[in-house]
Amino acid sequence: MRNPCRDARSRRQYLAALGGIGATALAGCRGESGTQTEPPDPTPTTTTAAGPTRALDRYDVSLSHERSQLSDTDWTAPTTSPTDTPLATEPLIEDLEIPWDLSFAADGTLFLTERVGRVLSFVDGSVRTVTEPAAVIDAESSDDGWWVTGGEGGTLGVAAHPTYPDPPVVYVYYTTMTDDDERVNRVVAMDVSAEDPAATESVLVDNIPGSKIHNGGRLTFGPENYLWITTGDAGDGELSADTDSLGGKVLRVTPAGDPAPGNPDLGGDPRVFTYGHRNPQGLAWLPDGTLVASEHGPTGRDELNRLEAGGYYGWPDTRKHAEYLDADPEVRRPLANTGNTGGWAPSGSLFYTGDAVPSLRNRLLTGGLNGQTLLVTTLTPAGADLPPGADAEVYDADWTDDAYTATTHSLLANEIGRIRHVEQGPDGGLYLVTSNRDGRAGDGFPREHDDVLARVSPAE
């Protein structure tokens, strides 16, 4: 039996002391039964004889695609070690059921997904279930781990429309079954102000290859207000190199689901931005607009890649270090590749620009599932000084992308468990979710109140 949440008031006092969004929007917990606080009365959605109007029929979701943030070409990579400042984590929500993604809306509302089939919101001290799409694959959490029967799919990525709540549209990536009993992944838009958001689904991208493994799943809006989607190869590496397939790709579409203007012409599906990926699960932008993806490899060989339009990233033919040296020139080299070690199993990524954790500013942060760490990567341009490497891995070999030298440090090792995603709040705070109840946690996990949403701060 799951235990009830700890005293919520102590967390509110902690957050109030930190100020900003924590004192108002991030203070709540899940109870033993998973019961949510009652949501406010929803805004009724327009209905027809056939039912609620689809989200994209009701709202104009188009946006300006000029950069939503100024490009900072003068940002500086840190030269200090991120391990110099110990970190602390404070649970904000406990007893979550295998959370996967986080998305802060413009008004401070936090949306998060649970793989077992739920989208939650967290605002003004209340946690509530926003929707439970009926089409998501059937699965349930268990002591043996939900992944055993449900695979790696489920309700995965979530992204609020950049001007939410006007319109009140949220995008969700989930795994479903076809009439032929095959798994596929789907990206939908929902009107979350409706009484039944799932009934307002507009399908943006359908029939993304799915399987019990390698479903990709990250959704995020980039600095030009296009929606970015990572997809896995569904266990079939040949799909990754096929530009007609949506498997093993990074996609870029408009908020209405159309191919983004300026996408590369690869002779295949016009939504494809890059290809040759195995199972990418993280996307993050440097201040100058450089896009970096994190990707799961086979038996280690996890990667960080600098993405360029039309780039081919080598899977399934290229993954070993030596293979990059002998590969066709069109194959893009990774910023980092762990080799045949245990690897990181890297998931959601963020380039942190906040002030709440100064030691992590201007570094790439990635959730580490294997090793149960927060992976901190300093990306240093050629010719600049590197951070200390005594407790780090430095990737500057001849098989790496020479645009940056990647120096990786591991923080929070085995302190909070498997980290699935990290996100920056509107207050500049740093937040993460764990994935300790998916059946793959190491010794000591899951703990009594896993899984959790937690805030990261410098230890006192």
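The values are calculated or read from the model by the stated rules, or taken from the named source; none is laboratory data. What you see is a predicted model; the values in this text were computed from it and never measured. Note that each Cβ is placed from the backbone with ideal geometry, even for glycine, and that neighbours are counted across all protein chains shown. These area figures cover heavy atoms from the full protein model, side chains too; ligands, DNA and RNA do not enter into them. Shrake-Rupley method; radii C 1.70, N 1.55, O 1.52, S 1.80 Å.
Please list 3J(HN,Hα) in residue order for region 353-365, calculated via the Karplus relation 6.51 cos²θ - 1.76 cosθ + 1.60 where θ = phi - 60°; whole Hz, with x for glycine and proline.
Working through the residues one at a time gives 10, x, 10, 5, 10, x, 5, 9, 4, 6, 10, 7, 10 Hz.
Taking just the C-alpha trace of region 97-163, give me its Rg and Dmax in Å.
Using the Cα atoms of region 97-163, the pair Rg, Dmax is 12.7, 40 Å.
Tell me, rounded to the nearest percent, the portion of alpha carbon pairs in region 315-389 spaced more than 20 Å apart.
For region 315-389, the fraction of Cα-Cα distances above 20 Å is 48 percent.
So what are the ³J(HN,Hα) numbers for region 319-332, from phi and the Karplus equation (6.51, -1.76, 1.60; θ = phi - 60°), rounded to whole Hz, Gly and Pro as x?
With coefficients 6.51, -1.76 and 1.60, one gets 8, 7, 3, 5, 5, 5, 5, 9, 6, 4, x, 6, 6, 7 Hz.
Hey, can you grab everything whose amide H is under 5 Å from the amide H of ILE208? Only 5+ residues off in sequence or another chain; H modelled, so Pro and N-termini drop out.
So ILE208 has HN proximity to ASN185.
So what are the ³J(HN,Hα) numbers for region 77-92, from phi and the Karplus equation (6.51, -1.76, 1.60; θ = phi - 60°), rounded to whole Hz, Gly and Pro as x?
Those phi angles translate into 6, x, 10, 9, 8, x, 7, 5, 10, x, 10, 10, 10, 10, x, 10 Hz.
What three numbers, in Å, describe the spread of the alpha carbons of region 351-460 along their principal axes, ordered from the longest?
48, 32, 23
Please list, ordered by chain and number, the residues whose modelled amide H lies under 5 Å from the amide H of GLY151; skip anything fewer than 5 residues away on the same chain.
Distant-sequence amide H within range of GLY151: zero hits.
Given the whole protein assembly as supplied and a 1.4 Å probe, what does the accessible area of ARG306 come to in Å², nearest 10?
Accessible area, nearest 10 Å²: 50 Å².
Work out the length of the dipole vector of region 306-433 about its Cα centre, built from +1 on the beta-carbon of each Lys and Arg and -1 on the beta-carbon of each Asp and Glu, and round it to the nearest 20 debye.
400 debye
Within region 105-209, list the trypsin sites (Lys or Arg not before Pro) lying in a DSSP loop whose Cβ has at most 10 other Cβ atoms in a 10 Å radius.
Those that pass, being in a loop and sparsely packed, number zero.
How much of the accessible area of the chain, probe 1.4 Å, is carbon plus sulfur, in whole percent?
44 percent
Plugging the Kirkwood radius over Cα pairs into Stokes-Einstein for region 117-247, at a temperature of 20 °C and a viscosity of 1.002 mPa s, what D comes out in µm²/s?
Roughly 138 µm²/s, to the nearest whole number.
Calculate the length of the line joining the C-alpha centroid of region 344-420 to that of region 181-258, in whole Å.
27 Å
What accessible area per residue comes out for the chain, rounded to a whole number of Å², with a 1.4 Å probe?
About 39 Å² of surface per residue is accessible.
What do you get for GluC sites (Glu not before Pro) in region 69-152 restricted to DSSP loop and a cutoff of at most 12 other Cβ within 10 Å of the site's Cβ?
Taking region 69-152 and a limit of 12 other Cβ atoms within 10 Å, the loop GluC sites (Glu not before Pro) found are GLU140.
For PHE351, tell me the accessible area in Å² from a 1.4 Å probe, rounded to the nearest 10.
10 Å²
Using helices alone, what [θ] at 222 nm do you get for the chain, with -39,500 (n - 2.57) per DSSP H run of 4 or more residues, divided over all residues and rounded to the nearest 500?
Computed mean residue ellipticity for the chain: -1500 deg cm²/dmol.
Below 8 Å between Cα atoms, with a sequence gap of 6+, how large is the relative contact order for the chain in percent?
Averaging sequence separation for qualifying contacts and normalising by length gives 16 percent for the chain.
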